[in-house]
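Have a look at the structure below, then the notes.
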Amino acid sequence: MSIDDVETFLRCVRMGITGYVAMDASASEVAAAVRSVAYEGAFCPPSRCTHLLDYVARKCAASECGERLPVELTRREQQLPQMIESGQPVKNHVHRILRKLGSTDRKEAARVCRQQGLVSSGQ
């Protein structure tokens, strides 16, 4: 895997992918990835796992005393925390945001987003 491929893979991870299939993957690998992601699992080929684990280790080493790591949300995901906090019915993307933030419920997700400057109280 080239450096560009590693960076592309890690950029996808930061964007919240739950599955990654290499271009040269077999049909059975593609099917396994689809099944895994469809049932709210994840899929990462062994050739990418080392890069993923190294990335996570670097991020964890950079954080202090259990502080949450900065989260990268899409533009649409950035609009949702305020809507969630105000009780508006938003179902799309909520599961992914909760997972990205490491939050257990919608209110906690909105609080974490405010703390990390992803949204402000006045939006």
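Bear in mind these aren't lab numbers, they're just calculated from the coordinates by the rules spelled out. As the structure is a prediction and not an experimental result, all values here were calculated from the model. With ideal geometry, Cβ positions are generated from the backbone for all residues, glycine too; neighbour counts draw on all protein chains shown.
Say each of residue 115 and residue 55 gets a label point 7 Å from the Cα, pointing the same way as Cα to Cβ; how far apart are those two points in nm?
The modelled label-to-label distance comes out at 2.4 nm.
Contour minus end-to-end for residue 22 and residue 42, with contour as 0.36 nm per residue of separation and end-to-end as the Cα-Cα distance?
5.8 nm
Estimate the FRET efficiency between residue 74 and residue 34 by the formula 1/(1 + (r/R0)^6), using the beta-carbon distance for r and 22 Å for R0, to the nearest 0.05.
So, using R0 = 22 Å, E works out to roughly 0.50.
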